[in-house]
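Asks: Dumping the structure here so I can ask a few things about it.
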Amino acid sequence: MQGAHHKREVRTIEPHGFCSGVSAALHKAFGALGDHGGAVYCLHELVHNETVVRDFELRGMKFVESLDDVPHGATVVFSAHGVSPAVRRAAEMRALHVVDATCPFVARVHRTVAAAAERGVPVVVIGNAKHAEVVGVAGETGDSGRVAVVRTVADVAGIPFDESSEVVVVSQTTLSADEVADVAAALKSRFPKASFSPSSEVCNATRDRQRAVREFAKANPGAGVLVLGSANSSNTRRLAEIAEAEGAKAWRAGNMDELSAIDFGPTEVLGVTSGASTPESFLDQAVAFAAKA
Ligand code: SF4
């Protein structure tokens, strides 16, 4: 029937949205706002989601990129992505009251790197060198210079460490699980004494959300996938890439403006998922919107 409106079937993909680390970070940050009369600062975005950050700004939290912008003795929240020991020392020097919202899974990676640095073993971080999490993790090696950050299999050839030496491998928690496994395999073949642990892999929340998207795309050929989350959210971007790798058409939107600009075309079945820092309220709005768009 020409011109007839075909109703689109919109399905939410499970699991999606807030992970345990983000929920705990938000809880701590709310607590910090409640406990302290004065201004509360947060170093970097608490989590990589524009709606969450704006909400905290409206409640009076001040976001800064450097501790230099935090007054002596004030309260500062460290984001879910964690910070390097140098930042912790700087906070001590300024007598700041620290509320540490580092995700426990990120903290585990820090401990793995700190233990390697303590033994003088070089560390390879699989991750994006500029991502806040990776900056903090790499910082655990101090100024030893015994750390290399690689993102791809091709990067492995450029690592300046002795191939016969032990190296400890860790990973950013929010990359593609499959890509991390590929890089880890390349590391193992170049550095036979490389050691791996749970810190060498993405976190479970990342893995479960990626698996759900892959399974949805496989089970629904021709379906589209809408991923909700901010452009600077690593785990969000990976979800869209994974949907595309499975042959699905994928879109990402971080707010209603971005969502309104999307043309879903003739997509009859649309799966909706969201990054680990995306509020459920936005998913509800988006599902209602996408059914009609
Ligand atoms: S994505 Fe994983 S590492 Fe990051 S905050 Fe969530 S649980 Fe923690």
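Asks: List the pairs from LYS7/LYS130; LYS130/LYS193; LYS218/LYS292; LYS28/LYS188 whose alpha-carbon separation is above 32 Å, in the order I gave them. Show your work: numbers first, answer last.
Replies: On the way: LYS7/LYS130 43 Å; LYS130/LYS193 27 Å; LYS218/LYS292 25 Å; LYS28/LYS188 38 Å.
Over 32 Å Cα-Cα: LYS7/LYS130; LYS28/LYS188.
Asks: Along the Cα→Cβ direction, 7 angstrom out, place labels at PHE264 and ALA293. What is the inter-label distance in nm?
Replies: Simple spin-label model gives 0.8 nm for this pair.
Asks: Something else about it: In degrees between 0 and 90, to the nearest 10, how far off the longest principal axis of the chain does helix 280-292 point, with axes built from Cα atoms?
Replies: 30 degrees
Asks: Once phi is turned into θ = phi - 60°, what whole-Hz ³J(HN,Hα) does the Karplus curve with 6.51, -1.76 and 1.60 give for every residue of region 191-208, x standing for Gly and Pro?
Replies: Values per residue, Gly and Pro as x: 10, x, 9, 4, 10, 10, 7, x, 5, 8, 10, 5, 6, 4, 4, 4, 4, 5 Hz.
Asks: Okay, moving on. Using the Cα centre of region 30-91 as origin and beta-carbon charges of +1 (Lys, Arg) and -1 (Asp, Glu), tell me which of VAL52, GLY34, PRO85 is placed farthest towards the positive end of the dipole.
Replies: Value: PRO85.
Asks: When only alpha-carbon atoms are used, what values of Rg and Dmax, in angstrom, describe region 20-102?
Replies: For region 20-102, the Cα-based Rg and Dmax read 11.5, 32 Å.
Asks: Please tell me the relative contact order of the chain in percent, rounded to the nearest whole number, where contacts are Cα pairs under 8 Å and at least six residues apart.
Replies: Values: 575 pairs, mean separation 65.4, N = 293.
Taking the mean separation of contacting Cα pairs over the length of the chain, I get 22 percent.
Asks: Which of GLY21, GLY73, GLY275 moves the most in a Gaussian network model of the chain with Cα springs under 10 Å?
Replies: Between GLY21, GLY73, GLY275, it is GLY73 that shows the largest mean-square fluctuation.
Asks: For SER144 paired with ASN204, estimate the spin-label separation in nm (one decimal), with each label point 7 Å from Cα along the Cα-to-Cβ line.
Replies: So the two model labels end up 3.0 nm from each other.
Asks: Another question about this same structure. Compute the Rg/Rh shape ratio of region 235-293: radius of gyration over Kirkwood radius, all on alpha-carbon atoms. All intermediate terms of the calculation are to be shown ahead of the outcome.
Replies: On the way: Rg = 11.1 Å, Rh = 12.0 Å.
Using only Cα positions, Rg/Rh for region 235-293 is 0.93.
Asks: Would you kindly state how much longer the chain becomes between ASP178 and SER165 on full extension, computed as 0.36 nm times their sequence separation minus their alpha carbon distance, in nm to one decimal? Can you show the working numbers first?
Replies: Numbers: separation 13, 0.36 × 13 = 4.68 nm, distance 2.58 nm.
That pair, ASP178 and SER165, stretches by 2.1 nm at full extension.
Asks: Could you give the length gained by full extension between GLU244 and ASP69, i.e. 0.36 nm per residue of separation minus their alpha carbon distance, to one decimal place? Present the calculation step by step, with values, prior to reporting the outcome.
Replies: Values: separation 175, 0.36 × 175 = 63.00 nm, distance 4.10 nm.
Here the answer is 58.9 nm.
Asks: Oh, and also: With a ≥ b ≥ c the root eigenvalues of the C-alpha gyration tensor of region 206-246, is it rounded (a/c under 1.5), prolate (a/b larger than b/c) or oblate? Let's see the in-between values first.
Replies: Working: a/c = 2.45, a/b = 1.62, b/c = 1.51.
Because a/c hits 1.5 or more and a/b exceeds b/c, region 206-246 counts as prolate.
Asks: Over region 105-200, calculate the relative contact order: mean separation of alpha carbon pairs under 8 Å at least 6 apart, over the residue count, as a percent.
Replies: Details: 149 pairs, mean separation 31.8, N = 96.
With pairs under 8 Å counted, the relative contact order is 33 percent.
Asks: State the extension gain, in nm to one decimal, for the chain segment bounded by SER20 and GLN285, taking 0.36 nm per residue of separation less the distance between their alpha-carbons. Spell out each step's value before the answer.
Replies: Numbers: separation 265, 0.36 × 265 = 95.40 nm, distance 2.24 nm.
Extending this stretch completely gives an extra 93.2 nm.
Asks: If you fit an axis through the alpha-carbon atoms of helix 20-35 and take the longest principal axis of the Cα set of the chain, what angle between them do you get, 0 to 90°, nearest 10?
Replies: Tilt relative to the chain: about 70 degrees.
Asks: Can I ask one more? With +1 on each Lys and Arg Cβ and -1 on each Asp and Glu Cβ, and nothing else charged, work out how big the dipole of the chain is about its Cα centre, in Debye to the nearest 20. Let's see the in-between values first.
Replies: Numbers: 29 positive and 35 negative charges, 68 e Å.
Using Cβ point charges on Lys, Arg, Asp and Glu, the chain gives about 320 debye.
Asks: A further question on this structure: Roughly speaking, what % of Cα-Cα pairs in region 123-202 are separated by over 21 Å, rounded to a whole number? Walk me through the numbers before you get to the answer.
Replies: Numbers: 511 of 3160 pairs.
The share of Cα pairs beyond 21 Å in region 123-202 comes to 16 percent.
Asks: Taking the Cα centre of region 20-102 as origin, sum charge times position over the Cβ atoms of Lys and Arg (+1) and Asp and Glu (-1), and report the length of that vector in debye to the nearest 20.
Replies: Details: 7 positive and 10 negative charges, 36 e Å.
So the dipole magnitude of region 20-102 works out to roughly 180 debye.
Asks: Going highest first, how would you order 180-190, 42-52, 230-240 by mean Cβ packing within 10 Å? Walk me through the intermediate numbers first.
Replies: Details: 180-190: 17.1, 42-52: 23.8, 230-240: 22.3.
Taking the mean over residues of other Cβ atoms within 10 Å, the ranking is 42-52, 230-240, 180-190.
Asks: Which of rounded, prolate or oblate describes the chain when judged by the alpha-carbon gyration tensor and an a/c cut-off of 1.5? Let's see the in-between values first.
Replies: Details: a/c = 2.87, a/b = 1.27, b/c = 2.25.
The shape class here is oblate.
Asks: Counting only helical runs of four or more DSSP H residues, what would the 222 nm mean residue ellipticity of the chain come to if each run contributes -39,500 (n - 2.57) and the total is spread over all its residues?
Replies: Numbers: 10 runs with 116 residues, N = 293.
Value at 222 nm, helices only, nearest 500: -12000 deg cm²/dmol.
Asks: Amide H neighbours of TYR41 under 5 Å, counting only residues 5+ apart in sequence or on other chains, H built in-plane at 1.01 Å?
Replies: LYS62, THR75, VAL76, VAL77
Asks: When we measure straight from the Cα of LYS249, which aspartates and glutamates land under 17 angstrom away, once same-chain ones fewer than 8 places off are left out?
Replies: GLU9, GLU215, GLU241, GLU258, ASP263, GLU268
Asks: Under 1.5 on a/c is rounded, so check that first for region 34-164, then, if it is not, pick prolate when a/b is larger than b/c and oblate when it is not; a ≥ b ≥ c are the square roots of the alpha carbon gyration tensor eigenvalues. List each step's numbers first, then the result.
Replies: Details: a/c = 2.88, a/b = 1.89, b/c = 1.52.
Since a/c reaches 1.5 and a/b is larger than b/c, the shape of region 34-164 is classed as prolate.
Where a number appears in this text, it was derived from the coordinates with a stated rule and is not lab data. Keep in mind that this is a model prediction, so the values were computed, not measured. Don't worry about glycine lacking a Cβ; one is built from the backbone with ideal geometry, like all the others, and counts go over all protein chains shown.
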